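Data first, discussion second: the structure below is written as structure tokens.
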Amino acid sequence: MPAATPDTALWQELGWQPSPEQLQQLEALQTELRSWNSRVNLTRLVEGDDFWIAQVFDSLWPLRSLLQERADAALECIDVGTGGGFPGLAVAIALPRARLTLVDSVGRKTQAVQAMAVTLGLAERVQLRCERVELTGRHGQCRGRFHLAMARAVAAAPVVAEYLVPLLHPEGEALLYRGQWSATDQTDLDRALTPLNATIRCCLERELPAGRGQRTALWVQPLGPCPRSYPRAVGVPSKFPLGQEARA
């Protein structure tokens, strides 16, 4: 049998408690994932701790301060490479006034996530874009728009930075979800951010509950407008990550 909804200890660890309505939405999201996984391979992390810790908790822990201090803020957020809807749908539930744009290049996934958003009552605040993010970053409706741009388990950090920074509002921030993080990783990201006219604001690290592994969250903020040459053409950021020449 699937594990029950987690007790309050998990929310205490997170530093945020979902309302009864939000908890109901999270449970409904788990149900929807089970249903859609039988038709579309969205994620294997659906049951028990796989869902509540490796999906929900992992999506929300870097946002602890925001959840505690600005949970009702009307933020414009974007989740790049949303896959099965994380962190985007979890953030949409946790931030009830935020508007979320979820981007993925796989049509069957965006269709499934859009359907889940409708079922969860999030359709007015969640929209899906089925396209490569390099195109999103050059689109007039998206470039320079978002207060929060996120990417979880998408690509190497310098690549993700090139995806996210062009999307940021002048006062916005990018959130890069990472696992283990080293000094070399930090140097590579610093080098990539220089041409993007951005910098690392802070680096947060923690162990997930129940031995679910090390996590790192990188918060990146713009220093000024991102040059119009970024993001580069589809496929180029991943083939030739920014800062690679300097490292070589």
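None of the figures in this text is laboratory data; all of them are computed from the coordinates on show. Computed from a predicted structure; not experimentally measured. Note that we place each Cβ from the backbone using ideal geometry, even for glycine, and neighbour counts take in every protein chain shown.
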Build a GNM of the chain with springs between Cα atoms under 10 Å: which of S182, S59, S105 gets the top mean-square fluctuation? S182
What order do you get for 162-173, 41-52 when each peptide is scored by the mean count of other beta carbon atoms within 10 Å, highest first? 162-173, 41-52
Using modelled backbone amide H atoms (1.01 Å from N, in-plane), which distant-in-sequence or interchain residues come within less than 5 Å of T199's amide H? Q221, L223
Report the relative contact order of the chain, percent, no decimals, based on alpha-carbon pairs under 8 angstrom and at least 6 residues apart. 15 percent
Net +/- balance of residues flanking W36 in space, Cβ distance below 11 Å, scoring K and R +1, D and E -1: +3
Top of P87, P222, P18 by mean-square fluctuation, Gaussian network on the chain, Cα under 10 Å: P18
Which residues qualify? For L128, with a placed amide H closer than 5 Å and at least 5 residues away or on another chain, they are L102
Would you mind giving the three semi-axes, in whole Å and largest first, of the ellipsoid equivalent to the chain according to its Cα gyration tensor? 29, 20, 17
